[in-house]
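Every number here is computed from the coordinates shown, using simple stated rules; none is lab data. Everything quoted here is computed from the prediction, not taken from an experiment. Ideal geometry is used to build each Cβ from the backbone, glycine not excepted, and the neighbour counts take in all protein chains shown.
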Amino acid sequence: MKKIASFTIDHDKLEKGMYISRIDGDVVTYDIRMKKPNAGDYLSTAAAHTIEHLFATFARNSEIAPSVIYVGPMGCRTGFYLLLRDSITREEALALVKQAFVFISDYEGKIPGSERKECGNYAEHDLEGAKAVARDMLDVLKNRTAETMNYL
């Protein structure tokens, strides 16, 4: 079997940030790397779950909602994937991610979709952990531009 593109990136050299992972037709996959791979510090399951609910809710209610295909965590718990239609520019994608992290870092109240009937693991959320990750990512992304989204 062919090795998938994301497995060809040297994860020992990868830093936190936002990258273009791949382009498939009219779909762009963004790698939102929230933790340095293989460094021993990973997203907790509960914080990642809360980020997923808040990030997806924010993205699917944004101005570019019709172009949002998917927002979800990586199995390695070092980040998230964001899939958007290619009609969204890199600058717009970066702006959406920054706005989502502001939304998460400032969020108060009940987590959207966190009722038992709405979620398969409704009891496992960590809003404070999600906020900490969001604040860290706002610092990581503050000087990022569309030109800095290529892997290594």
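Can you give me the three principal axis dimensions of segment 13-140 from its C-alpha atoms, in Å, biggest first?
Answer, in whole Å and largest first: 38, 34, 25 Å.
Report the Rg/Rh value for segment 34-82, based on alpha-carbon coordinates and the Kirkwood definition of Rh.
1.04
Relative to the longest principal Cα axis of the chain, at what angle does helix 127-141 sit, 0 to 90 degrees, rounded to 10?
30
Just need the relative contact order of the chain here, percent rounded to a whole number, with Cα pairs under 8 Å and 6+ apart.
This gives 28 percent for the chain.
Using only DSSP helix segments of four residues or longer, with each worth -39500 (n - 2.57), what per-residue ellipticity at 222 nm results for the chain after dividing by its residue count and rounding to 500? Don't jump to the answer; show the numbers that get you there.
Values: 3 runs with 47 residues, N = 152.
Taking each H run of at least 4 residues, the total per residue is -10000 deg cm²/dmol.
Near the amide H of His125, under 5 Å away, which other amide H atoms are found, from residues 5 or more places off or on another chain, if H is placed in the peptide plane?
none
Pull out the extension gain between Thr145 and Ile69, defined as 0.36 nm times the separation in residues minus the alpha carbon to alpha carbon distance; nm, one decimal.
Separation in residues times 0.36 nm, less the Cα-Cα distance, equals 25.1 nm.
Could you state the angle between the C-alpha long axis of helix 45-59 and the longest principal axis of the C-alpha atoms of the chain, as a value from 0 to 90 degrees rounded to the nearest 10?
Helix 45-59 and the main axis of the chain meet at about 80 degrees.
May I ask you to list the aspartates and glutamates whose Cα is less than 18 Å away from that of Lys131, ignoring any residue fewer than eight positions away on the same chain?
The qualifying aspartates and glutamates are Asp41, Glu52, Asp106, Glu108, Asp139.
Expressed as an acute angle from 0 to 90° and rounded to the nearest 10, what is the orientation of the C-alpha long axis of helix 90-106 relative to the principal long axis of the chain?
30
Going highest first, how would you order 84-90, 39-45 by mean Cβ packing within 10 Å?
So the peptides 84-90, 39-45, ranked by packing, come out 84-90, 39-45.
For a quick protection proxy, order the peptides 113-120, 128-135 by their average other-Cβ count within 10 Å, most packed first.
Ranking the peptides 113-120, 128-135 by packing returns 128-135, 113-120.
³J(HN,Hα) across segment 67-75 via Karplus (A = 6.51, B = -1.76, C = 1.60, θ = phi - 60°), whole Hz, x for Gly/Pro?
Along segment 67-75, the couplings run 9, 7, 9, 7, 9, x, x, 7, x Hz.
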